[in-house]
Amino acid sequence: GESVGLHLPTLSVQEGDNSIINCAYSNSASDYFIWYKQESGKGPQFIIDIRSNMDKRQGQRVTVLLNKTVKHLSLQIAATQPGDSAVYFCAEGDSWGKLQFGAGTQVVVTP
Amino acid sequence: DVKVTQSSRYLVKRTGEKVFLECVQDMDHENMFWYRQDPGLGLRLIYFSYDVKMKEKGDIPEGYSVSREKKERFSLILESASTNQTSMYLCASSKQGANGDTQYFGPGTRLTVL
């Protein structure tokens, strides 16, 4: 089947720096993409999404970039804070609302 | 805010027991999902439902069944629990749209089967 993957399983970032989390996807028919954040002991929490007809979307301190040519998705976190330490998942969705998740990237924010 | 609740945060069961995991959402969402999450494997879809009394198999339905008698409630059933079903179970819901929509997750149930 189709797969969604992440380039880096663990990302260590210094507090105040910007973080970039990357994701490769293989289903060119996916309609939308979502980034989730999961803190220890909690369920995944929605961060931001982007539709396939867009290439960039910004939220509060976060930006998602979509490059359909190379099937690449990234999440940028500005001015990373200790509270940003978590596992981040990308997911791609079809028109029926099903999501396919990547394995996740652990982000560790160091002081 | 969307709220998805799961009946238990932690469960310990014995091999062969029948296990019920309950999920309730309060946003009138049509779609509901059950996933399991294991280290290094991400989230894998077990079953999902687009409407009351409807169910569809996900990627790993073996050993599980589901029930959706009411729109707000989606139950996952392990007919005869086995040790390889020890995992974190996550429920999610989303509204139905032409292009799909964001899934909102509950806090998860960590199930241990001894």
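Readers should treat all values here as calculations from the given coordinates under stated rules, not as data from a laboratory. Since this is a predicted model, take the numbers as computed values, not measurements. Every residue, glycine as well, gets a Cβ built from its backbone with ideal geometry; the counts of neighbours run over all protein chains shown.
Quick notes
- When the C-alpha to C-alpha distance is required to be over 24 Å, the pairs from B:Lys18/B:Lys53; B:Lys3/B:Lys55; B:Lys13/B:Lys70; A:Lys37/B:Lys3; A:Lys42/B:Lys55; A:Lys71/B:Lys95 that qualify are B:Lys13/B:Lys70; A:Lys42/B:Lys55; A:Lys71/B:Lys95.
- Split chain A at each of the trypsin sites (Lys or Arg not before Pro) in a DSSP loop with at most 16 other beta carbon atoms within 10 Å, and the longest piece is A:1-41.
- The stretch between B:Met54 and B:Asp38 holds 3.1 nm of extra length on full extension. This uses 0.36 nm per residue minus the Cα-Cα distance.
- Net +/- balance of residues flanking B:Ser65 in space, Cβ distance below 12 Å, scoring K and R +1, D and E -1: +2
- Relative compactness, chain A, computed as alpha-carbon Rg over 2.2 N^0.38 Å: 1.01
- Local electrostatic count, A:Phe101, Cβ distance below 9 Å [Lys/Arg +1, Asp/Glu -1]: 0
- Per residue of peptide A:86-93, the mean number of Cβ atoms on other chains within 10 Å of the residue Cβ is 2.
- Distance (nanometres) between label positions extended 7 Å along Cα→Cβ at A:Asp55 and A:Asp17: 2.8
- What you get for region A:41-95, charging only the Cβ of Lys and Arg (+1) and of Asp and Glu (-1), is a dipole of about 120 debye around the Cα centre.
- Sequence-distant contacts, meaning Cα pairs under 8 Å at least 6 residues apart, place the relative contact order of chain A at 38 percent.
- Inter-chain neighbour count for B:33-39: the average number of beta-carbon atoms from partner chains within 10 Å of each residue's beta-carbon is 2.
- Cα-based shape type of chain B, given that a ≥ b ≥ c are square roots of the gyration tensor eigenvalues and the cut on a/c is 1.5: prolate
- Largest to smallest principal axis extent of the C-alpha atoms in region B:56-114, angstrom: 42, 22, 21
- Seen from B:Thr86, the other residues with C-beta closer than 12 Å to its C-beta sum to a net charge of +3, counting Lys and Arg as +1 and Asp and Glu as -1.
- In range of the label at B:Leu114: residues from region B:68-87 whose backbone nitrogen is under 18 Å from the point 7 Å along Cα→Cβ: B:81-87
- Residues in region B:15-30 reached by a label modelled at B:Glu72 [backbone nitrogen below 16 Å; 7 Å Cα→Cβ]: B:22-30
- Burial ordering of A:His72, B:His29, fewest other beta-carbon atoms within 10 Å first: A:His72, B:His29
- Computed P(r) (all Cα pairs; region A:49-111; 5 Å bins; percent): 4, 15, 23, 25, 20, 9, 4, 1, 0
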